[in-house]
Amino acid sequence: MSNGEREKQGDYEGNHFNSLWVILEKSCFALAGIISVMYVARYLGPENYGTLSYLLSIMALVTPFIQLGSDNVLFNRIAKSLPVGYC
């Protein structure tokens, strides 16, 4: 094997290692999400959890429409008036 081939092999193995970390991270977040939903559902009960789910679904439908123009408005406001950007 030449030196260039060894470097390519090392990159290939590094990609597998990095992919494994990404998969592990996604799996942990998914598992944590499932567990947290289980606890919230038990704590709120069926009726209150259903109300929460209904409100969250409405927010998920409305949020993209709200965000359509808000980025441009905020950017223009900050660009025109520098003191607006300060907290």
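The values are calculated or read from the model by the stated rules, or taken from the named source; none is laboratory data. What you are looking at is a predicted structure, and each value in this text was computed from that prediction instead of being measured.
Annotations for the structure displayed:
- Residues in the stretch 54-71 that are at pLDDT 95 or above and over 20 Å from the mean Cα position of the chain (by Cα): 54 only.
- Hey, residue 51 at pLDDT 95 or above and in a helix (DSSP H, G or I) or not: yes
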